[in-house]
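Every number here is computed from the coordinates shown, using simple stated rules; none is lab data. Owing to the predicted nature of the structure, the values given are computational and were not obtained by experimental measurement. Neighbour counts run over all protein chains shown; Cβ positions are idealised from the backbone, glycine included.
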Amino acid sequence: MSPQHSDLPPQHSYTTTHNDEGISTFAPSSSSNDHPTFKPIGPSPSRFADLHVSPSIPVPLQDSPDLTSTASTITSNTNPADVPPRGVVFRRTDLAPGTVSPLHRTLTVDYGVVVAGRVELEMESGEVKVLGVGDTIVQRGTLHRWRNAGGEGEWYVSFFFFLHHVFLLL
C-alpha cells in the first residue's frame, strides 16, 4: 500500500456475504480486500484502487463470482479505465496536488462522489464545474478532463461506480 497522503485515515474495505447456512457474515478477510491495493495512474503519484468488481449486472450472489472477480482484479488490474463488459466496478481515485488528466473519454457511465479535496471537471465544450466534498457527478461517456483544484499539498479523493454503457454514436 502506498504511503498515506491525505487527511483521511487509512481506508478499510469490507464486503458482506452469507455462510453455508445462509447466515449474514463478512466475506473472508485478506490484506488485499481489507486494505485497498493502490496502483499508479501514469507517472504522477496519483493512484486508484479497485474495491469491488462484479462481472455482470445484476450481481449474481450464488457462488459469489463477484468475490472471485474482485480478488483477481485487485491483484492484476493496472488500467484505471478497465471495467468488465456488462459489469460494474467500485473504485477509489486519488489525484495528487496539481494533477491534470489528459482529455479522455471513458466507455462507461460513472457515478461518483467527492470525499476529500476539490476537483475541476472540464468538458469537451470548455465548460468547467468545480466539485467539492459531498458533490456528486454522473459522467455519461463524455470527453472530459480532471484537474485537482485543491490548495498546495491537498489531494482530491473520490469514489466511483463504473458501469459499461451501450456504444454511443456521435
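Please sort by residue number the GluC sites (Glu not before Pro) in segment 90-125 whose DSSP state is loop and whose Cβ has at most 13 other Cβ atoms within 10 Å.
Counting only loop positions with at most 13 other Cβ atoms within 10 Å, the GluC sites (Glu not before Pro) in segment 90-125 are Glu124.
Excluding His52 itself, what net charge comes from residues whose Cβ is under 13 Å from its Cβ, given Lys and Arg +1 and Asp and Glu -1?
Result for the local shell: -1.
What is the pair-distance distribution P(r) of the chain, computed from all Cα-Cα distances in 5 Å bins starting at 0, with each bin given as a whole percent?
1, 8, 16, 20, 20, 15, 10, 5, 2, 1, 0, 0
In a GNM of the chain with a 10 Å cut-off on Cα contacts, which of Ser24, Ser54, Ser158 has the highest mean-square fluctuation?
Result for the chain, Cα springs under 10 Å: Ser24 fluctuates most.
For segment 83-143, what is the Kirkwood hydrodynamic radius in Å, using each pair of distinct C-alpha atoms?
12.9 Å
How would you rank Thr108, Thr75, going from fewest to most other Cβ atoms within 10 Å of each one's own Cβ?
Lowest to highest Cβ neighbour count: Thr75, Thr108.
If amide H atoms are built 1.01 Å from N in the plane of the peptide, which residues on other chains or at least 5 residues away come under 5 Å of the amide H of Leu51?
Amide H neighbours of Leu51: Phe90, Arg91, Arg92.
For segment 40-46, in order, what is each residue's ³J(HN,Hα) by Karplus, 6.51 cos²θ - 1.76 cosθ + 1.60 with θ = phi - 60°, in whole Hz (x at glycine and Pro)?
x, 10, x, x, 7, x, 4
Using the number of other C-beta atoms within 10 angstrom as an exposure proxy, rank Tyr14, Tyr111 with the fewest first.
Tyr14, Tyr111
Taking Cα pairs under 8 Å and at least six residues apart, what relative contact order does segment 21-164 come out at, in percent?
25 percent
Just how far, in whole angstrom, is segment 112-131 from segment 25-74 if you go by their alpha carbon centroids?
25 Å
Taking the 0 to 90 degree range and rounding to the nearest ten, how far is the long axis of helix 65-76 tilted relative to the main principal axis of the chain, both from C-alpha atoms?
50 degrees
Given only helices, namely DSSP H runs of n ≥ 4 each adding -39500 (n - 2.57), what is the per-residue ellipticity at 222 nm of the chain, to the nearest 500 deg cm²/dmol?
Per the formula, -2500 deg cm²/dmol.
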